[in-house]
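Data first, discussion second: the structure below is written as structure tokens.
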Number of protein chains: 2
Amino acid sequence: MDIIKLSPRQEKIIELVKEHAPITSEQLASKLNVTRAALRPDLAILTMTGILEAKPKVGYIYSQKPSYSLLYDYIMEIKVKDIMSKPVMVDENTTVYDAILYLFLNDVGTLFIENNGVLIGAVSRKDFIKIAMGSTDMHKIPVGVIMTRMPNIVCVQKDDPAYLAAQKIMEHEVDSLPVVEKSYDKSKNETFKIIGKVSKTNITRLFVKIGESK
Amino acid sequence: MDIIKLSPRQEKIIELVKEHAPITSEQLASKLNVTRAALRPDLAILTMTGILEAKPKVGYIYSQKPSYSLLYDYIMEIKVKDIMSKPVMVDENTTVYDAILYLFLNDVGTLFIENNGVLIGAVSRKDFIKIAMGSTDMHKIPVGVIMTRMPNIVCVQKDDPAYLAAQKIMEHEVDSLPVVEKSYDKSKNETFKIIGKVSKTNITRLFVKIGESK
């Protein structure tokens, strides 16, 4: 998708029209200290893009439909699958101690727990610090005991907008979301296979990438 | 700043010009199955915005200068001070155990350590997990012993672009940056006062906010 930027004069024209509508091109030209001819290309752009409307014998008015906005469409085109990274998974019987080692080895903030390819839980750095503060022996307790368990985990799917993932991260105050694919087990219960994850890191990386696209 | 979106036909024209440049308006009209007159407004917009260049007696070519892009300027206008949040600070003599309590009470990922209002260090969740895995008594060891010490902390200033903060977070693989103000102590050494922080959470929140601005 291409987006074009308005010139300072075009933005000034929009301001003037918003303030004085309806306003004729003569009036605009006089306020801007330029000739009508000089304004013609700008007015052409602004009407052709639907930002301004030209009412014959009345003048220019500001178009109510915000057809020219904006980043929203661009951002909504980016999907979870475009930004997700590989999830780090462990078995629920892994000890807390070993799970923390995995956390460091893979340099991630959240581990996902699976059972036969099905997502059953998640453990974050926060959970690990909490358990470490107690007197529990981390070599003995399995990660399955301290994990947040499905269905209490907020998930996204690969074709969701990345934007939705960012919203869910903020709304539910989590660092990371599993990207899941729905399927059904033998008893026809809904299950979720984990295929990726989206974290605040992925969103920050995306933000950096958007800024690079000049 | 206003940004306008190109119509699907305008985007199609750009594609055709990129592929077949130089191309005349007759050729474009025939490829798009429309009359030359119907194309005139689109070509006017595309040349006036500098996306296409009209070479007399040759045809339209794609302009090399990417004057019409884009999100970059918009994103660069957002400053660190627009998105930063309050830093949570502790004294370097605070025990690791108490520091972790602060971390949870304030629900943050990083604590900053100051001495007489001067930033001297930072401790992250990762640092806390590392120390918790050892056999150290967290009630005895002060946070000053395990912190990352200045000048090894990546900082930003309040008038830097938020974008720079995001870049630094990604480049240095940290969760959070202190926002600092430079000053000088009695011996004229450079010191930094901490006035805020920017984390991946702030960047994610900003991303959500940008998407809302439709």
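The values are calculated or read from the model by the stated rules, or taken from the named source; none is laboratory data. Owing to the predicted nature of the structure, the values given are computational and were not obtained by experimental measurement. Positions of Cβ are backbone-derived with ideal geometry, glycine not excepted, and every protein chain shown enters the neighbour counts. SASA here: full protein model, heavy atoms, side chains in, ligands and nucleic acids out. Shrake-Rupley method; radii C 1.70, N 1.55, O 1.52, S 1.80 Å.
The table that follows gives values for the structure above.
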| item | result |
| --- | --- |
| Those residues of the range B:146-170 which are more than 29 Å from B:ASP98 (Cβ to Cβ) and either outside any helix (DSSP H, G or I) or outside the structural domain of B:VAL118 (by TED's automatic domain parsing) (or both), in sequence order | B:GLN157, B:LYS158, B:ASP159, B:ASP160, B:PRO161 |
| Check on B:ALA99, under 26 Å from the mean Cα position of the chain (by Cα) and either outside the structural domain of B:ILE203 (by TED's automatic domain parsing) or closer than 22 Å to A:ASP175 by Cβ (or both) | no |
| Out of A:MET76, A:MET150, sole residue that is open to solvent by 30 Å² or more (accessible area, probe 1.4 Å), within 30 Å of A:LYS18 (Cα to Cα) and not aromatic (Phe, Trp, Tyr) | A:MET76 |
| Residue in the range A:201-212 that is among the acidic types (Asp, Glu) and either in contact with an Asp or Glu (Cβ under 7 Å, 6 or more places away or on another chain) or over 22 Å from B:LYS168 (Cα atoms) (or both) present | no |
| Test: residue in the range B:176-199 that is charged (D, E, K, R), in contact with a helix residue (DSSP H, G or I) (Cβ under 7 Å, 6 or more places away or on another chain) and assigned by TED's automatic domain parsing to the domain that holds B:VAL88 | no |
| Test: B:THR136 is β-branched (Val, Ile, Thr), in a strand (DSSP E or B) and more than 9 Å from every other protein chain (Cβ to nearest Cβ) | no |
| Residues (touching a Pro at 6+ places or on another chain (Cβ under 8 Å) and open to solvent by 40 Å² or more (accessible area, probe 1.4 Å)) located in the range B:196-214 | B:LYS214 |
| Hits in the range B:12-28 (condition: surrounded by fewer than 16 Cβ atoms within 10 Å (Cβ to Cβ) and within 12 Å of chain A (Cβ to nearest Cβ)) | B:LYS12, B:GLU15, B:LYS18 |
| Qualifying residue in the range A:18-25 (condition: hydrophobic (A, V, I, L, M, F, W, C) and modelled with pLDDT of 90 or more) | yes |
| Matching residues in the range B:100-116 - criterion: being closer than 28 Å to B:TYR184 by Cα and open to solvent by less than 70 Å² (accessible area, probe 1.4 Å) | B:THR110, B:LEU111, B:PHE112, B:ILE113, B:GLU114, B:ASN115 |
| Criterion (modelled with pLDDT under 95 and either out of contact with any strand residue (DSSP E or B) (no Cβ under 9 Å at 6 or more places or on another chain) or more than 10 Å from chain A (Cβ to nearest Cβ) (or both)) met by exactly one of B:LYS197, B:LYS186, B:LYS158 | B:LYS186 |
